[in-house]
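What follows is one structure encoded as structure tokens, with my remarks underneath.
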């Protein structure tokens with residue numbers, strides 16, 4: 001409904017599998033890692049075990065390891081992404097699975113992280129339920145997402161093929177209120193919320209985005225077990 005670009009659309013598994021080889025070169029740290037750096041209530045170095053849902057190429061896992069997080073188990077739906085994450089070598093284990101049914105053992109993770117994936121789910125409830133199943137008592141769930149405003153502004157998640165064709169990945173709009181409702185239904189309490197906007201750094205990287213300056217593009221929500 002909000003897609004103004006009309007790109008051909010593929011599933012998350014097919015899209016991220018095809019995007020894997022160029023993903024790290026096209027997704028800026030401004031989108032997600034800069035927001036993680038703003039999180040103040042999670043003592044990263046005190047986390048013994050973390051579950052990295054939608055681990056992708058291992059970018060988030062590498063960031064977490066660099067801040068002292070101990071053992072990290074990664075889950076992703078795309079084999080191409082997992083192959084690159086394995087080469088990066090920051091995860092204790094990696095498995096191909098849906099983030100809503102990760103197959104990881106429940107109740108063992110002081111931190112659950114999910115970055116840039118919720119927009120591909122038609123409903124948020126199953127993701128928050130899975131995070132709750134995985135987390136220890138007193139554990140954290142940190143979710144970094146593509147801001148619904150930017151999706152509603154007409155830009156679905158997309159990548160470019162080797163021939164330059166733009167391809168969209170199935171994208172859904174979830175308002176921040178939708179996140180709060182789904183999280184509360186599964187025992188999560190909001191502790192922090194950060195929104196990233198298109199600023200000078202973004203425009204320097206993407207000069208054509210000058211007209212989008214000030215618009216929110218991503219967000220990070222930090223949830224604690226209620």
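Some notes on this structure:
- Residue among 102, 11, 71 with the largest mean-square fluctuation in a Gaussian network model of the chain, springs linking Cα atoms under 10 Å: 11
- Computed E for residue 87/residue 206 - FRET, C-beta separation, R0 41 angstrom, nearest 0.05: 0.90
- Between 162, 83, 21, the GNM of the chain built on Cα springs shorter than 10 angstrom shows 162 fluctuating the most.
- In degrees, nearest ten, helix 125-134 long axis to first principal axis of the chain (Cα): 40
- Over 25 Å [Cα-Cα, the stretch 34-156], rounded percent: 18
- The chain, relative contact order [Cα under 8 Å, separation at least 6], %: 23
- Residue among 210, 80, 187 with the largest mean-square fluctuation in a Gaussian network model of the chain, springs linking Cα atoms under 10 Å: 210
- Rounded, prolate or oblate (a/c below 1.5 giving rounded, otherwise prolate when a/b exceeds b/c) for the stretch 107-226 by Cα gyration tensor: prolate
- Segment residue 199..residue 26, full-extension length gain: 60.5 nm, with 0.36 nm per residue of separation and the alpha-carbon distance subtracted.
- Separation between Cα centres of the stretch 1-80 and the stretch 149-226, rounded to whole Å: 13
- Fraction of beta bridges assigned by DSSP in the stretch 9-213 that are antiparallel (%, nearest 5): 15
- If you bin all the Cα-Cα distances of the chain at 5 Å, starting from zero, the percentages per bin are 1, 7, 15, 20, 22, 18, 11, 5, 1, 0.
- Length gained when the stretch residue 7-residue 166 is fully extended (0.36 nm per residue, less Cα-Cα span): 56.6 nm
- Given their separation in residues at 0.36 nm each and the Cα-Cα distance between them, residue 38 and residue 190 gain 53.2 nm when the chain is fully extended.
Read-outs: derived from the displayed coordinates by stated rules, not from any lab. All values reported here derive from a predicted model rather than from experimental measurement. In this analysis, Cβ positions are derived from the backbone assuming ideal geometry, glycine residues included, and neighbour counts consider all displayed protein chains.
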